[in-house]
1. Pick out the one residue from 515, 520, 486, 526 that is modelled with pLDDT under 95 and under 24 Å from residue 286 (Cα atoms).
2. Scan 169, 176 and give me the residue that is out of contact with any strand residue (DSSP E or B) (no Cβ under 9 Å at 6 or more places or on another chain), surrounded by fewer than 19 Cβ atoms within 10 Å (Cβ to Cβ) and either in contact (Cβ under 8 Å) with a residue 24 or more places away in the chain or not in a strand (DSSP E or B) (or both).
3. Look through 277, 291 and report the one residue that is at positive phi and under 36 Å from the mean Cα position of the chain (by Cα).
4. Listed residues 250, 258, 271, 306; which is surrounded by 12 or more Cβ atoms within 10 Å (Cβ to Cβ), part of a loop (DSSP other than H, G, I, E, B), in contact (Cβ under 8 Å) with a residue 24 or more places away in the chain and touching a helix residue (DSSP H, G or I) at 6+ places or on another chain (Cβ under 9 Å)?
5. Report the residue count in segment 207-220 for those that are free of Cβ contacts under 8 Å to residues at least 12 places away in the same chain and part of a helix (DSSP H, G or I).
6. From the list 482, 450, 469, which residue is in contact with a helix residue (DSSP H, G or I) (Cβ under 8 Å, 6 or more places away or on another chain), in contact (Cβ under 8 Å) with a residue 24 or more places away in the chain and surrounded by fewer than 17 Cβ atoms within 10 Å (Cβ to Cβ)?
7. If a residue must be more than 11 Å from residue 593 (Cα to Cα) and surrounded by 17 or more Cβ atoms within 10 Å (Cβ to Cβ), how many such residues does segment 491-524 contain?
8. Provide a single number: the residues in segment 137-155 that are out of contact with any strand residue (DSSP E or B) (no Cβ under 6 Å at 6 or more places or on another chain) and in contact (Cβ under 8 Å) with a residue 60 or more places away in the chain.
């Protein structure tokens, strides 16, 4: 039992013994003691005033005395108003460090028998992965690793959006303007190659629109429907869908291609498979560079027909209702979610229909207890509706559905737009951050003596750590700006700073190993310095933090913990001499250094970040 659980158990027994009142662990408010006060943990005693019928200060004195008398791990206490500050004995902290030092995988929870699927990435096959995808991928991957650490069996999944009008736009542009080019013949990575034709379609579409405006039909419609002083460009934003569906030749051809795809026209299907194949090869290369993999792939081309059986079942059970035009809807006003369509009047599915069917398919495949969707906050309403629908169907996994909603990522230069080709591709961003790491490292000259291969390996790890940490350290729900230059700095809240802390712990440990320090003498070490105690307390927090991050699906908790622990280690390193002091101090501080390094490595692995052996 750790000290926090021990204190809570003591408070329960103490309140019952002193005041003949029973409480539960969740009734106890307990925090780490603020730095300006003496103590390690603080118990708030205000909630016990009614049962004790005494002032908070008196309760604190009585309960503090009870706890210290009945728990050998507690050294002393003090009371400030309604706050009972407890100081843990040095013996407890030293014993705890010895235990962790001998533990191979500290923080790993035993299997809890629960299964969770995490769906992330889920790209479209008409363009390469971009900066927005990177945040999605990193959040999904790190949540998966954290959940595994917390004892869950995790299935990492993605659904590939491989069909629809956007895909046909890329296919049509290649067919009309590609001249038979391939990724191999052009020397361009497959997903970038196909993404080029998606952008090209938009460019040709805009040219077509401008030419159309010079025709008599275009002039008349523009004059009739535009606002008084609207330019053709501004007008196009509101008129775009109408133009695409009713006047555009390119739009007509793209829609015809989609219809041919749906009726499984052999020529169109062959083109579709070829171009998607190019994209998948490109995706796999990016995933490999990011250190990411999946256990299960779903494809929208397989799942878009799912869900109709639920529509029929919902109609029979009164969950859905049919309108006069034969479209099917659900009334969610009692859940403050309005009315939502689940099938069109022509009998075709909408995204909600597909998602209902796909959720059931996943449950049939894996019988998971939880299903986490990592999707940007633009889809918050969609998932509120989906989850409410699944509750009304009494799906066995309905209470385990969770939308890990995240804010968009901008660059210092502003927003990105796919159709206009202003999106920052994931591959380009990875290369840029590694290049920034190269510039930063070259200026310092720290790795100049290493072999070329070792330098590249280190730079790759530093660059990816910079990228991943900078994005993950922000709470998922917040919109953020990613700055490549700031991300690689060795000072401040960055991945390289934490990597440097780890390398420092390794250097200290190796130095001690060379001097054949007797590590057993650490058990004779008596009085902890403040810096040592701070580090051990933070190590003590790690398992509980893993559970908290798993419960809240928030990897930023782990990222910020790594920074805090690194910062404390740097202070310890600068304030206290480690090697060359009395044997028991030297052995203890070497063990502490190695344990800090092990915890940093473990925690950063949860974020998908590798630690270099040297920097």
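The values are calculated or read from the model by the stated rules, or taken from the named source; none is laboratory data. This is a predicted model, so every value here is computed, not measured. Cβ atoms come from the backbone with ideal geometry, glycine included; neighbour counts cover every protein chain shown.
1. 486 is the lone residue from the list that is modelled with pLDDT under 95 and under 24 Å from residue 286 (Cα atoms).
2. After applying the criteria, what remains is 176.
3. Residue meeting the stated conditions: 291.
4. When all the criteria are applied, what remains is 306.
5. 5
6. One residue alone meets the criteria, 450.
7. Matching residues across segment 491-524 total 11.
8. 8
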